[in-house]
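*Asks:* Have a look at this one before I ask anything.
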Amino acid sequence: MPYYLVITKLSEHLANMPDLGAWGLWGLFLGTFLASTVIPFSADVLYITALLTTSNPWVCLAVAVAGNWLGNLTTYGFGWIGRWDWIEKLFKVDRGKLEKQKAYIDKYGIWLALVSWLPLVGDVFSIALGFYKTNPWLTALLFLIGRTLRFLVWTFLFYYQLH
């Protein structure tokens, strides 16, 4: 099935889901969790919407960070269970190239965890960090810092500028 058809079907499915905003903090948690997996939608839009309707931005921040971080750890976990022979076979990648990438990830790649929230490339970073088995504790900490900073910026831009 072509990629654009997969996205179209997924978009139709998401359009038929209940309004996550109507679920309050549970909707915010679920939405930010799903957005940090490979499901393509924006946690930022959901978070900003929650900020505009809340009287307590710090609870929104905590819920959004927790959901987004746990979803990101799930994506990292999917990478962790990946096997080199699968990548070699499915993507026709030479083992030497994988070993070269692993050496680069071991040296510098851990810092990708700080920007793994970026659209389009963030999920790839998270899966790669899991696949190459980066230090799980340090990776999780950097995931948490990156996501906290991301939502803090939105909080100051939208909540405190409007209140």
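Every read-out reported here was derived from the displayed coordinates using simple, explicitly stated rules and does not represent laboratory data. Worth saying up front: this structure is predicted, and the values here are computed from it rather than measured. All Cβ positions, even for glycine, are placed from backbone atoms using ideal geometry, and neighbour counts span all protein chains on display.
*Asks:* Please report the projected area of region 20-162's Cα convex hull averaged over all directions, in nm².
*Replies:* Taking a quarter of the hull surface, the average projection is 8.6 nm².
*Asks:* What is the distance, in nm, between label points placed 7 Å from the Cα along the Cα-to-Cβ direction at residue 156 and at residue 58?
*Replies:* 1.7 nm
*Asks:* Short version: ³J(HN,Hα) in whole Hz for each residue of region 41-52, in order, from phi by Karplus 6.51 cos²θ - 1.76 cosθ + 1.60 (θ = phi - 60°), x for Gly and Pro, what are they?
*Replies:* 7, 9, 5, 5, 4, 4, 5, 4, 4, 5, 4, 6
*Asks:* Sorted from fewest to most neighbouring beta carbons within 10 Å, what does the list 54, 134 look like?
*Replies:* Ascending Cβ contact count within 10 Å gives the list 54, 134.
*Asks:* Let me ask something else about it. If the reach is capped at under 17 angstrom between alpha carbons, list the lysines near residue 89, excluding any in the same chain fewer than eight residues apart.
*Replies:* Of all the lysines, those that pass the test against residue 89 - Cα under 17 Å, at least 8 places apart if same chain - are 97.
*Asks:* Hey, another quick one. Are there any trypsin sites (Lys or Arg not before Pro) in region 89-139 that are in a DSSP loop and have at most 10 other Cβ atoms within 10 Å? List them by number.
*Replies:* When the trypsin sites (Lys or Arg not before Pro) of region 89-139 are filtered for loop state and at most 10 Cβ neighbours within 10 Å, 92 remain.
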